[in-house]
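Q: Dropping the structure in here first, questions after.
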Amino acid sequence: MLRTRIVRAAIDMADADGLHTLSMRRLANRLDLGPMSLYRHVTGKDDLLTQMADLVFGDCALPEHGPRGWRAKLEHVAREHWRLCSRHPWLPQVVSFTRPNLVPHMMDHTEWTLRALDELELPMDVRLQEALTLHGLVVTVALSNAREAAAERRSGLSLSRWSRMQRARRREVLTSTRYPLLSAVSEDAAPDLETLFEYGLARHLDGLAVMTTALPESAQG
């Protein structure tokens with residue numbers, strides 16, 4: 001189907017070169033199509049981005065029931081979304097909390113997350129806040145991942161190499177008495193976003209567990 005071929009090509013371009021390089025004209029040239037031919041299948045770039053997001057969420061199939069227990073389920077969906085954003089660094093820039101794309105595959109993921117909270121018997125508005133907050137955690141760290149990928153493309157420097165090049169400046173700044181705690185951090189400690197994501201996920205779910213335990217029965221169900 002030509003529409004799927006168009007959207008797949010757009011995904012490949014955005015994965016390889018970043019979202020800012022994606023244009024209808026470049027996409028048409030890649031597919032050897034006239035630019036106006038694309039508009040029979042997508043109404044414009046916003047529609048194209050929506051279809052791209054829907055397609056990659058569709059590629060990430062969630063199990064019908066998932067692992068046992070609400071925490072394991074939320075860990076599963078969050079890690080799947082993290083892997084999805086890692087494969088497609090442009091994706092966090094497309095997903096909106098205030099103006100959500102009402103497309104089937106993305107909505108499937110939200111529905112799955114809401115259902116994962118069934119055993120906690122939370123009101124639906126609290127479930128929705130949790131689903132949005134969980135995804136927000138993923139997106140926040142994934143945006144840093146995307147910016148790092150873009151910086152590496154622009155500079156040709158890996159994060160570890162860039163960090164090594166900053167050692168002299170770091171020592172100069174941190175030798176003052178103003179930052180005694182920061183100066184104790186290893187100068188070789190380049191940020192590990194995977195570790196940061198896992199830490200944030202664990203602490204968030206710890207907090208949810210405490211909150212739900214403390215809720216009065218009247219606030220549940």
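The values are calculated or read from the model by the stated rules, or taken from the named source; none is laboratory data. Note that the structure is predicted; figures quoted are calculated from it, not measured. Quick reminder, even Gly has a Cβ in these numbers, built from the backbone with ideal geometry, and neighbours come from all protein chains shown. Just the protein is used for accessible areas: all its heavy atoms, side chains included, with ligands, DNA and RNA removed. Shrake-Rupley method; radii C 1.70, N 1.55, O 1.52, S 1.80 Å.
Q: Starting from the Cα-Cα distance between Thr177 and Asp47, subtract it from 0.36 nm times their residue separation and give me the gain in nm to one decimal.
A: Stretched fully, the Thr177-Asp47 segment lengthens by 41.5 nm.
Q: By the gyration tensor of its Cα atoms, with a ≥ b ≥ c the square roots of the eigenvalues, what is the shape of the stretch 92-212: rounded for a/c under 1.5, prolate for a/b over b/c, or oblate?
A: oblate
Q: Mind checking which of Arg115, Arg147, Arg170 has the largest fluctuation in a GNM of the chain, springs on alpha carbons under 10 Å?
A: Arg170
Q: Starting from the Cα-Cα distance between Thr133 and Val210, subtract it from 0.36 nm times their residue separation and give me the gain in nm to one decimal.
A: Gain in length upon complete extension: 26.1 nm.
Q: Of the heavy-atom accessible surface of the chain (probe 1.4 angstrom), what whole percent is carbon and sulfur?
A: Using a 1.4 Å probe with all protein chains present, the chain comes out at 54 percent carbon and sulfur.
Q: If I take R0 = 22 Å and measure r between the Cβ atoms of Asp125 and Thr98 in this structure, what FRET efficiency does the formula 1/(1 + (r/R0)^6) give, to the nearest 0.05?
A: Step by step, r from the Cβ atoms, then E = 0.85.
Q: Which of Leu33, Leu19, Leu201 ends up with the largest GNM mean-square fluctuation for the chain, with Cα atoms connected below 10 Å?
A: Between Leu33, Leu19, Leu201, it is Leu33 that shows the largest mean-square fluctuation.
Q: Across 10 Å bins from the origin, how do the percents of Cα pairs in the chain run, short distances first?
A: The calculated distribution, bin by bin, is 7, 26, 27, 21, 14, 4, 0.
Q: I would also like to ask the following. GNM, the chain, Cα, under 10 Å: largest mean-square fluctuation among His109, His20, His81?
A: Answer for the Gaussian network model of the chain: His20.
Q: Can I ask one more? With n ≥ 4 as the cut-off for DSSP H runs, can you work out [θ] at 222 nm for the chain, using -39500 (n - 2.57) per run divided by the number of residues, rounded to the nearest 500?
A: Helix contribution divided over all residues of the chain: -21000 deg cm²/dmol.
Q: Given Cβ point charges of +1 (Lys, Arg) and -1 (Asp, Glu) and nothing else, what value in debye, to the nearest 20, does the dipole of the chain about its Cα centre take?
A: Roughly 1160 debye, rounded to the nearest 20.
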